[in-house]
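One structure is given below, encoded as structure tokens.
The values are calculated or read from the model by the stated rules, or taken from the named source; none is laboratory data. Not measured: the values here are computed from a predicted model. Here Cβ is always computed from backbone atoms with ideal geometry, including for glycine, and neighbour counts include all displayed protein chains.
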Amino acid sequence: MQHIVIIGNGISGVTLARHIRKLSDYKITIISSETEYFFSRTALMYIYMGHMKFEHTQPYENWFWKKNRIDLKQAYVSEVETESKTLHLANGEKVNYDKLVIATGSKPNKFGWPGQDLKGVMGMYHKQDLENLEVYAPNNKVCKRAVIVGGGLIGIELAEMLSSRSIPVTFLVRESSFWNGVLPEGESGMINRHILSHHIDLRLSTNLKAINANEAEQVKSVVIEETGEEIPCDVVGLTAGVTPNIDFLKSSKIDLGRGVLVNRHLETNIEGVYAIGDCAEQHEAIGNRRPIEAVWYTGRMMGETLAQTLCGNKRAYNPGHWFNSAKFFDIEYQTYGWVHGAKGKPDYEKQFHWIHEDDDKCITIAYHKDTDQFLGINTFGIRMRHETFDRWLTEKRDIHYVMEHLAEANFDPEFYAAYESQIFELFKNRLQLV
Amino acid sequence: MSLAKPDALQITNTQKVAILAGVVGLFIMTLALFNIDFPQKGFFLGLSMGLIGIGTIVYSRAAYLNKLEGIKNDGTWFKSISSRGIWGWIVGLILTGFYIVLYFFPQYLGLAADGGSNTGLISLFDPLSLLLSGRPASQWFVYGTLYTLAILAFGYKFMLKYRHNRYQQLRTISVMFFQLAFAFLIPEFMYVMNNDLPYYDMKSVWPLNYYIFDEWSVKGFISAGNIGLALLIFGILSIFVFTPILTYKYGKRWYCSWVCGCGGLAETVGDPFRQLSSKKLSAWRFERWMIHLVLVFSVVMTTAMVYSYLGYSHNDFWLTRGVFISLVIGFLTLVFIGVLYFKGRELGTDAKYGAIGFFVVIAALLIMHFTGTTDKLFYIKSGTLRSAYGLYIGSIFSGVIGTGFYPILGSRAWCRFGCPMAAILGFQQRLFSKFRITTNGGQCISCGNCSTYCEMGIDVRAYAQKGENIVRSSCVGCGICSAVCPRGVLKLENDTMKGRINPNEILLGNDVDLMKLVNDK
């Protein structure tokens, strides 16, 4: 019987395994060194905040894997030998496979900062990072201040985590406004103000120069590039993006770029070896997407796609309309289609922006400047319906239609105040001005 | 995992003072319990209840008002009381002890022996009872007062906790209102108007209100004249007319998390414990058997009770034993055939269990009818069945376990495993209602907040991560899953019946053809 080995038990690998099991009787083994069972990485923050225990982040009960004949192996793969189809594990064991899927996800970026490997310096990606954080930042007596380097989604989550334990946080953001490589100005500005309202010491346009150690090789302070200011701290969170976690493949014959290079069918250069999720890099980006998509949802979709291929129904990875979501402290964010920040905005994209007077809700709708075609929406503090926008994008509706029917897309809980008429008024007024 | 205990839970000095006030309030009641005879009972009762109420209010304001609006679950699993720690067990034991004394040893609370006057804790409540209805307090009056106070004080706390969420606020105002007006005040006023009337909380519907059709209760209603008769008819209409219509339109939440007193306590006082309900598959299996067994028990018990005080002859009253038993069997058969005809395929193997259950009940009723003598049913004394139900279900299950075990089993153990009313509403909600929780396309990140904070132990995430709507008989529609979701994935809705249940993996954002393939299998 064919033996499919998946390295990595994150959302990509586990989705793949579940779907292979639905479609076939193949022997499936998942190897992971991080944890014994699958858990939701995006939920790690809630464990530290005390909203959940680790077991709550596991979407399947522990009996699930045996019942579905998915073998789990907790081990670290140190080398892949594709000629003999053999994996060498760090503990000396060998595992043979017929098909190999690499789904090892990411690891936090480190940009060669002095002191980046000191005790108390950590990313926030793996379960081990969380355990590390519990050691160095259990409370605000042990950790009197934490400095976070890198203004992305993980950075702001780490800031929320630390402040849930009343630990003062300094947040160094390279950009002139939070996440403005992705978010349009109005939204990014609103999130800046929201971060400040949570008493985070937000430093925009600020880079890290070095991390200083005390005599125990532990973090003592950080130094700011621009001003030379030294900020005493006990923990440094490095959250300046992630990189595919593929160092163990360097000795193999598998083609690597920043990630494992794959074609549209998620195949690598070696027959029978595939890569999915955060660690896969498309030779050519699909549409507006990045060649490496380090997103929960795309990992899942790649798993669903590859399961078909491995079970005899070869399919290309062909994702639908882009969507994503996040939460910035108390403000939820959803996006459907493409809305660009100032930096990457194509010439044809025009934007309509509305912000509520309370400064905790706003939307930006992108549309084509010539055809008025609706291109995408960012929504903050107002939940919107995925299905509706997915349909409007497929139907290529124009912005006038979307504005008139915006209420249909509302997904807020019942009895919530509605803002569609306010939004529509602004839109109409703006049209008259132009 | 952690070396030092996370210190997320420091409380402020204001909160310490507030806790002290509440403890002093409780201490006054404890002194009364140990027979300290307070002069000016009215003053001390007011002081005690006032301190408890104000303490809770001040504590809650200090806890939430200095923070921005949003989800306030920080430290829930670090706090001893809300994570089955030592304080959780202590509170559980105190509550359980209170219920045992309340149900089985009210004399220790100071209930008067025949002809005497109250002493102890109950006597402390005499002034309030005299004020409201002109009669001295009973253990049930004490219980009802404390219950109402608890729902009001902790309802306020809950509203502050969810002050960004209108659904939670309105729902909480609703349970606070129904407890104060319907469960507490109106029955007292009804007694003043007409003291023949039995205690009747008009929002408590049979079979949750299992004593409404008892002989003493029905006789009480009938002897109270037109008003009594009207109330009795209201009680019957409640279960056969109002309930099905409201459940069809809004799901069982209209009752369980907006009106019901048990639900009201669970949603307010029980809120800090909601995450303790078990989400295991085994718990769900147990739940399905348990709750339906209680329902069968309550139907048979009630039928037997009513049957026992009806006559044989048409000359006395048109509703004879024969007519009654035929009506019951006819009604059950109608429901059974209707469900099988319209929903049989949807139910699958569950239909088989339903059929077995149905025939057992019918057989039991027929055997009862043809073997029954005046005071024996099923060869068991008629009252025995009723008192067994009252003891094991009404007192031990709903009170001692249901509420006493809040800090251990979570806030809805009774609602989930035992309430026959919930079983009926849930049965309808699953099969014939517009209510569902809609999943927002592909946005779920499987984080688990929804499942963790589901007080009914529903594994909400299992549906959400597949893009499936949640249509579960046990869902009480509290809306917390939707509130705690960090990605805006869940929405409670009343919409058309069509397409309500979508047992497919409908994850948007993917290759459309691929999703068709996934669902073909």
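Among the conditions (1) part of a helix (DSSP H, G or I); (2) facing chain B (nearest Cβ under 9 Å); (3) touching an Asp or Glu at 6+ places or on another chain (Cβ under 9 Å), the only one that A:THR379 does not satisfy is (1). If you go through the range B:429-476 and keep only what is under 18 Å from the mean Cα position of the chain (by Cα) and not aliphatic (A, V, I, L, M), you end up with B:GLN429, B:TYR453, B:CYS454, B:GLU455, B:GLY457, B:ARG472, B:SER473, B:SER474, B:CYS475.
Just one of the listed residues (A:ILE270, A:ILE276, A:ILE286) is farther than 27 Å from A:VAL77 by Cα and among the aliphatic types (A, V, I, L, M), and it is A:ILE286. The set of residues in the range B:39-48 being within 16 Å of B:LEU131 (Cα to Cα) and touching a residue at least 12 places away in the same chain (Cβ under 8 Å) consists of B:LYS41, B:GLY42, B:PHE44, B:LEU45.
Looking across the range B:45-54 at every residue that is of a type in the set (A, V, I, L, M, F, W, C) and over 11 Å from B:VAL24 (Cα atoms), the one that is surrounded by the fewest Cβ atoms within 10 Å (Cβ to Cβ) is identified as B:ILE54. The helices (runs of 4 or more DSSP H) located wholly in the range B:101-220 that include 1 or more residues which are under 22 Å from B:LYS41 (Cα atoms), touching a Pro at 6+ places or on another chain (Cβ under 9 Å) and not small (Gly, Ala, Ser) occupy B:120-124, B:126-133, B:139-161. Determine whether B:ASN440 is at pLDDT below 95, outside the structural domain of B:GLY390 (by TED's automatic domain parsing) and out of contact with any Leu (no Cβ under 8 Å at 6 or more places or on another chain). No, not satisfied.
How many of the residues making up the range A:317-343 are closer than 27 Å to B:ILE445 by Cα, surrounded by fewer than 16 Cβ atoms within 10 Å (Cβ to Cβ) and more than 7 Å from chain B (Cβ to nearest Cβ)? Explain how you work it out, then say what you get.
Step one: of the range A:317-343, the residues closer than 27 Å to B:ILE445 by Cα are A:317-341.
Still in the running and surrounded by fewer than 16 Cβ atoms within 10 Å (Cβ to Cβ): A:318.
Checking which are more than 7 Å from chain B (Cβ to nearest Cβ) leaves us with none.
Summing the residues that are closer than 27 Å to B:ILE445 by Cα, surrounded by fewer than 16 Cβ atoms within 10 Å (Cβ to Cβ) and more than 7 Å from chain B (Cβ to nearest Cβ) in the range A:317-343 gives 0.
Condition check for B:VAL294 on (1) modelled with pLDDT under 95; (2) in contact with a Ser or Thr (Cβ under 8 Å, 6 or more places away or on another chain); (3) not aromatic (Phe, Trp, Tyr): one failure, at (2).
Let me confirm something: among A:MET384, A:MET403, which residue is within 14 Å of chain B (Cβ to nearest Cβ), surrounded by 17 or more Cβ atoms within 10 Å (Cβ to Cβ) and aliphatic (A, V, I, L, M)? Just one listed residue meets the conditions, A:MET384. Of the candidates A:PHE424, A:PHE389, the single residue that is surrounded by fewer than 17 Cβ atoms within 10 Å (Cβ to Cβ) and part of a helix (DSSP H, G or I) is A:PHE424.
Residues that are of a type in the set (Gly, Ala, Ser) and more than 10 Å from chain B (Cβ to nearest Cβ): find the helices (runs of 4 or more DSSP H) completely inside the range A:2-80 holding 1 or more of those. Outline the logic, then answer.
Values: elements: A:11-23, A:44-48, A:64-67.
Hits in the range A:2-80: A:11-23.
Pairing each residue of the range A:287-301 that is within 14 Å of chain B (Cβ to nearest Cβ) with any residue that is among the aliphatic types (A, V, I, L, M) and assigned to a helix (DSSP H, G or I), provided the two are 6+ apart or on different chains, yields C-beta distances under 6 Å for A:TRP296/A:ILE11; A:GLY299/A:ILE11; A:ARG300/A:ILE11. Just one of (1) touching a Ser or Thr at 6+ places or on another chain (Cβ under 6 Å); (2) outside the structural domain of B:PRO136 (by TED's automatic domain parsing) fails for B:PHE184. It is (2).
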